[in-house]
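Down below is the structure, laid out as structure tokens.
The values are calculated or read from the model by the stated rules, or taken from the named source; none is laboratory data. Treat the numbers as computed from the prediction; the structure is a model and nothing was measured. Neighbour counts run over all protein chains shown; Cβ positions are idealised from the backbone, glycine included.
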């Protein structure tokens, strides 16, 4: 085993350990949903992609209102039920509030405001999909977590008429199932989504 292989396995074991701790604390999704997410991520990290996998996108699917969204699984750090969210005065309208996650303050964004969709109140089952990259970290409001799917790139329509500005930056395309596929890597580097001074 090479030094690189050892480093990858150590990183994998560390992340699996963190997820196991979250499950043990009872602060994560129900066991079936968490197991599904954990297995999908473990399989993705543990083996090199085949030709067919390299031509598909692994997404975490979730609903918000009547819309279904997918975001690249590699950009998802964790999924949590919203137990308590604090509103933050003076932030942009798309920031619903902040939550505490393992000692970190995470801003929670509302896609309905970002994408100019009809606004609805919070449901009892609301979750937050925490996305994390090198430059920023934030949560996306979600009503229901559907699970993980592999979508062939050929089934994602990337030519979107009528999109402009921030919408064009945030949306990769529309899948055959009419899911809105978000551009996770772009979102995690999008200056417009950076919320300062929440620590």
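In summary, residue 75 fulfils each of the numbered conditions (1) over 16 Å from residue 139 (Cβ atoms); (2) modelled with pLDDT of 90 or more with the single exception of condition (1).
Among the residues making up segment 127-159, none is modelled with pLDDT under 85 and either surrounded by 15 or more Cβ atoms within 10 Å (Cβ to Cβ) or in a strand (DSSP E or B) (or both). The combined condition, being closer than 20 Å to residue 40 by Cα, touching a strand residue (DSSP E or B) at 6+ places or on another chain (Cβ under 6 Å) and buried (at least 20 other Cβ atoms within 10 Å of the Cβ), is fulfilled by residue 59. Can you find a residue that is at pLDDT below 75, assigned by TED's automatic domain parsing to the domain that holds residue 179 and over 22 Å from residue 145 (Cβ atoms) anywhere in segment 54-63? Yes; the residues of segment 54-63 include at least one that is at pLDDT below 75, assigned by TED's automatic domain parsing to the domain that holds residue 179 and over 22 Å from residue 145 (Cβ atoms).
Once segment 160-184 is narrowed to residues that are in contact with a strand residue (DSSP E or B) (Cβ under 7 Å, 6 or more places away or on another chain) and in a helix (DSSP H, G or I), the residue that is modelled with the highest pLDDT is 184.
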